[in-house]
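These notes concern the structure reproduced below.
The values are calculated or read from the model by the stated rules, or taken from the named source; none is laboratory data. What you are looking at is a predicted structure, and each value in this text was computed from that prediction instead of being measured. Because the Cβ atoms are built from the backbone with ideal geometry, glycine has one as well, and the counts that use them run over all protein chains shown. Please note that ligands, DNA and RNA were not included when accessible areas were found on the heavy atoms of the full protein model with its side chains. Shrake-Rupley method; radii C 1.70, N 1.55, O 1.52, S 1.80 Å.
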Amino acid sequence: MSRDRFGLHRVRPPAGTNAVRSRPRSSGAAAEERRHKVREVNKALESDPVDLSTLREHALSSGGLINDELRSRVWPKLLAVDVYSPVTWPLHLDKHKDYDQVRLDVRRSDRRFPPGIRARYRRFKQQELTDVIMRVLAMCTQPELHYYQGFHELAVPLLLVCGPDISSRMLLQLCHSHLRDYMGVSMSCANVLMSFLYPLIAEHDDELERFLVRSEVGTVFSLSWLITWYSHVLPDLHTVCRLFDVFLASHPLFPLYFAAMVCSWSLCEMCNFDLPVCIEGRVKQSKGNFVSGV
């Protein structure tokens with residue numbers, strides 16, 4: 001498969017379809033491929049030291065890390081998170097300045113959890129989510145790091161896949177790395193990052209970049225994508241986790257490159273419809289099939 005000037009796999013939606021789909025394979029061949037990947041990932045995890053190169057390779061390959069059991073073991077390794085050393089988490093979390101806002105956001109997070117789960121269990125997980133976020137905020141001693149709305153949506157997949165303790169450790173690490181630019185007093189750093197979206201698009205498709213500039217749509221439509229790793233706009237948890245495979249195995253700026261790719265795939269639709277609605281609809285309707293091409 002060829003690569004574009006982003007250094008990413010070049011993927012274009014087939015004519016007459018709404019998503020990128022990989023070539024059909026027999027169920028037997030696909031099952032054997034998954035079993036082989038599981039064996040290779042387990043082998044990489046058991047090596048000393050852990051074979052991070054192989055873990056990244058499989059996280060970025062078609063289908064990603066396959067299931068949440070593997071993800072719960074691989075994701076912390078991709079972030080170099082120590083899951084064994086004891087951590088003393090702060091107490092009295094309800095005294096934190098952001099506690100009330102976090103509780104309000106978490107209460108509104110019903111649709112971030114898988115459909116069909118019992119209301120009582122969802123409320124239990126929402127309380128865990130609140131505790132995870134407040135632990136992390138209390139442990140962020142740098143005064144420049146602040147909670148932002150959308151932080152809770154990014155935390156949900158980590159909690160559901162890895163559990164409260166490991167997800168807390170991972171989220172704390174992400175605050176000091178991938179999410180740092182979004183945790184300022186304002187979103188000024190995020191605005192700077194979004195200003196690179198059009199130049200990235202122009203590298204791949206200068207016609208599209210000129211069209212976006214003329215349309216004066218701006219880049220704010222991509223803010224929720226970046227600060228939540230697309231979990232705000234993708235309704236399916238499996239798809240979100242597949243994206244997390246990619247983002248955790250890639251450079252911290254990869255979600256921005258991915259936004260440029262999504263915009264490029266939406267070119268034909270943009271010419272006739274409201275741009276922000278069109279682009280966001282493209283992400284939702286594709287339901288992650290485009291991820292197989294990353």
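For region 111-161, carbon and sulfur atoms together expose 49% of the accessible surface, with a 1.4 angstrom probe and every protein chain in place. Between residue 192 and residue 216, take the C-beta separation as r, use R0 = 25 Å, and let me know the FRET efficiency to the nearest 0.05. Between residue 192 and residue 216 the formula returns 0.80. Extent along the principal axes, Cα only, for region 142-264: 47, 34, 22 Å, with the longest axis given first. For residue 95, the aspartates and glutamates whose Cα falls under 15 Å of its own Cα, not counting residues fewer than eight places away in the same chain, are 131. When Rg and the Kirkwood radius Rh are both evaluated on Cα atoms of region 97-185, their ratio Rg/Rh stands at 0.95. Please list, in order, the residues from region 146-171 whose amide nitrogen is less than 13 Å from a point placed 7 Å along the Cα→Cβ vector of residue 185. Once the point is set 7 Å along Cα→Cβ of residue 185, 146 turn out to lie under 13 Å by backbone N, inside region 146-171. One Cα centroid belongs to region 210-263, the other to region 42-98; the line between them spans 22 Å.
Cross-link partners of residue 125 among aspartates and glutamates, defined as those whose alpha carbon lies under 15 angstrom from its own and excluding same-chain residues fewer than eight positions apart: 105, 110, 153, 165.
Each 10 Å bin, from zero up to the one with the longest distance, holds this percent of the alpha carbon pairs of region 74-128: 18, 31, 42, 10.
Just subtract the alpha-carbon distance of residue 53 and residue 149 from 0.36 nm times their residue separation and send over the number in nm, one decimal.
31.2 nm
Our estimate of slack between residue 107 and residue 40, defined as 0.36 nm per intervening residue step minus the Cα-Cα distance, is 20.1 nm.
In this structure region 154-265 gives 34 Å² per residue of accessible area when probed at 1.4 Å with all protein chains present. Averaging the Cα positions of each part gives two centres, and for region 157-206 and region 106-147 these lie 17 Å apart.
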